[in-house]
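Asker: Quick one: the structure is below, questions incoming.
The values are calculated or read from the model by the stated rules, or taken from the named source; none is laboratory data. What you are looking at is a predicted structure, and each value in this text was computed from that prediction instead of being measured. Here the Cβ is made from the backbone with ideal geometry for all residues, glycine too, and neighbour counts use every protein chain on show. Ligands, DNA and RNA are excluded from the accessible area calculation, which covers all protein heavy atoms including side chains. Shrake-Rupley method; radii C 1.70, N 1.55, O 1.52, S 1.80 Å.
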Amino acid sequence: MRVDKAGRKLGMDSVSLPQPDVVHDFDVFPFPFANNNSDEVKLFNSHKHFDDFLVKVRELHRSLNPGGLLRVLSSHYSGPGVYRDPTHKVLFPWTTVGRFIAALGYRTEGEVRFAMRRRMFGVPDGGTQGPGALVKAFDNRYPDLYERYFCWMMPAKAMYCELEAIKD
């Protein structure tokens, strides 16, 4: 889903169900959106089905306004459902979105750059309570340690991040 300059929420999908605003093949470029015309783009569990994730991110960056947000919700690679779906093509560890973060010094084709606004295991405001809340707090405090040693014992179902588009 994307939010344009007029504040309208527009959904795009490659199939006409459940009636998105725009039906478009994600492998056909450019996407049917003008440059610098979106305040927000949400990729909620769709991008893991993409053939070329990097090309799609570049195209979404093009449609975002400077300072616009790309919100990504994905299954974490340790999650119980990620390997059950044979259409999943992209798996997400903590470091996946780091490739686009300007502050980390990565250079990407087409100079797609973002600033990290938020990154976490789990769903924002997911309401985790009890022992699960402690595990989630530990995972998010020590993400590299979690992914290296603990993610297979205590799988994360989801990862979430918010990336702010940087445009010069």
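Asker: When only the heavy atoms of the protein chains count and the probe is 1.4 Å, how do ASP144, ASP39 rank by accessible area, highest first? Could you put the intermediate results ahead of the total?
Answerer: Values: ASP144 100, ASP39 70 Å².
In descending accessible area the options line up as ASP144, ASP39.
Asker: Using a 7 Å offset from Cα along Cα-Cβ at ASN140, what residues in the range 68-91 end up with backbone N under 16 Å from the label point?
Answerer: Only 72-74, 76 pass the distance filter.
Asker: Would you please give the FRET efficiency between ARG117 and TYR83, computed as 1/(1 + (r/R0)^6) with r the Cβ-Cβ distance and R0 = 35 Å, to the nearest 0.05?
Answerer: Working: r = 29 Å, r/R0 = 0.84.
The calculated FRET efficiency here is 0.75.
Asker: Using label points projected 7 Å from each Cα along Cα→Cβ, tell me how many nm separate ARG99 and ASP21, to one decimal.
Answerer: Placing both labels 7 Å along Cα→Cβ, they lie 2.8 nm apart.
Asker: Further question on the same structure: Got a sec? Which residues in the range 50-71 would a label at ALA34 touch, if it sits 7 Å along Cα→Cβ and we count backbone N under 14 Å?
Answerer: Counting only backbone N, you get 63-66.
Asker: Leaving ligands, DNA and RNA out of it, rank VAL28, VAL97, VAL22 by accessible area with a 1.4 Å probe, largest first. Don't skip to the end; give the middle numbers.
Answerer: Values: VAL28 70, VAL97 10, VAL22 35 Å².
So the residues, ranked largest to smallest area, are VAL28, VAL22, VAL97.
Asker: Please list PHE29, PHE121 in order of solvent-accessible area, largest first, computed with a 1.4 Å probe with all protein chains present.
Answerer: The ordering from most to least exposed comes out as PHE29, PHE121.
Asker: Still on this structure, I have one more. Multiply the residue separation of VAL55 and LYS167 by 0.36 nm, subtract the distance between their alpha-carbon atoms, and state the gained length in nm to one decimal. If you can, show how the numbers build up before the last one.
Answerer: Details: separation 112, 0.36 × 112 = 40.32 nm, distance 1.70 nm.
Taking 0.36 nm per residue and subtracting the Cα distance, the gain is 38.6 nm.
Asker: Residue by residue through the range 62-69, which ³J(HN,Hα) values in whole Hz follow from phi under the Karplus form 6.51 cos²θ - 1.76 cosθ + 1.60 (θ = phi - 60°), with glycine and proline marked x?
Answerer: Running phi through 6.51 cos²θ - 1.76 cosθ + 1.60 with θ = phi - 60° gives 4, 7, 7, 5, x, x, x, 9 Hz.
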